[in-house]
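Notes to accompany the following structure.
The values are calculated or read from the model by the stated rules, or taken from the named source; none is laboratory data. All of these numbers come straight from a predicted model, not from anything done at the bench. Here the Cβ positions follow ideal geometry from the backbone for every residue, glycine too, while neighbour counts run over all protein chains shown. Areas reflect the complete protein model, heavy atoms only, side chains present, ligands, DNA and RNA absent. Shrake-Rupley method; radii C 1.70, N 1.55, O 1.52, S 1.80 Å.
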Amino acid sequence: MGKITFNCKPDDEPKAILDEVCRQICMYYKGKENFTCLKRKLRWKNPVIQCEFGFCSSHSNMRGEWVNFEIIPTLYAIDNDGMEKKGLLYLNIWPENFDICHINESIFFKIIEYIEDKIQLAQEMCTKEGFSAFLERYKDIKFIAEARNNQIFLEKLKN
């Protein structure tokens, strides 16, 4: 991909900066296999798992000083028969926040790196061995270890 040009300045309305960053993320992933982009959401999907990244901001943005860009990753089982909440998997994956007021390629690629890291994690969870290892790391967190959807997903996975 060539140089990324952002059509916004720090003094623009925070919403305009947010929309521009979302647009650039969509352009970055456009045409890449398994990706779908909506206005403020990026979706990656394979036959086993779907990972959605919601993009939002906050009401505490300060024009010219700070514009929050929050990425909220959520994973769903594709085969969600018997599961609640459309196959939502309870995984303790925390959102990440970035200051995009002075967006540049460095900040942009930190955002992309975060997204790619979560997709890598999702890919690792597509086998019984991978998902079991993930659950083992969080066995002390009851809502993950005992979540009904997680157990159903694990049972459906093949090695």
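Remark: region 15-76 carries 51 Å² of accessible area per residue (probe radius 1.4 Å; ligands, DNA and RNA excluded).
Computed in the context of the full set of protein chains, the accessible area of the chain at 1.4 Å probe radius has 51% of its extent on carbon or sulfur. At a Cβ-Cβ separation cutoff of 4.7 angstrom, cysteine residues of the chain with no neighbouring cysteine are Cys8, Cys22, Cys51, Cys56, Cys101, Cys126. Summing Lys and Arg as +1 and Asp and Glu as -1 over all other residues whose Cβ lies under 15 Å from the Cβ of Lys85 gives a net charge of -2. Positive contributions from Lys and Arg (+1) and negative ones from Asp and Glu (-1), summed over other residues with Cβ under 14 Å from the Cβ of Lys158, come out at -1. Do the alpha carbons of any pairs in Lys9/Lys32; Lys118/Lys139; Lys30/Lys139 sit beyond 30 Å of each other, and which pairs? The pairs that break the limit, which is 30 Å between Cα atoms, are Lys30/Lys139.
Taking the longest Cα principal axis of the chain as reference, the axis of helix 105-124 is set at about 10 degrees. Any idea what angle helix 14-29 forms with the longest principal axis of the chain, computed on alpha-carbon atoms, 0 to 90 degrees, nearest 10? That helix lies at roughly 60 degrees to the long axis. This model, with +1 at the C-beta of Lys and Arg and -1 at the C-beta of Asp and Glu, gives the chain a dipole about its Cα centre of some 440 debye. The C-alpha atoms of the chain occupy a region whose extents along the principal axes are 51, 33, 24 Å, arranged from largest to smallest. Please tell me which of these pairs span more than 24 angstrom C-alpha to C-alpha: Lys45/Lys86; Lys85/Lys142; Lys85/Lys110? Too far apart for the 24 Å limit: Lys85/Lys110.
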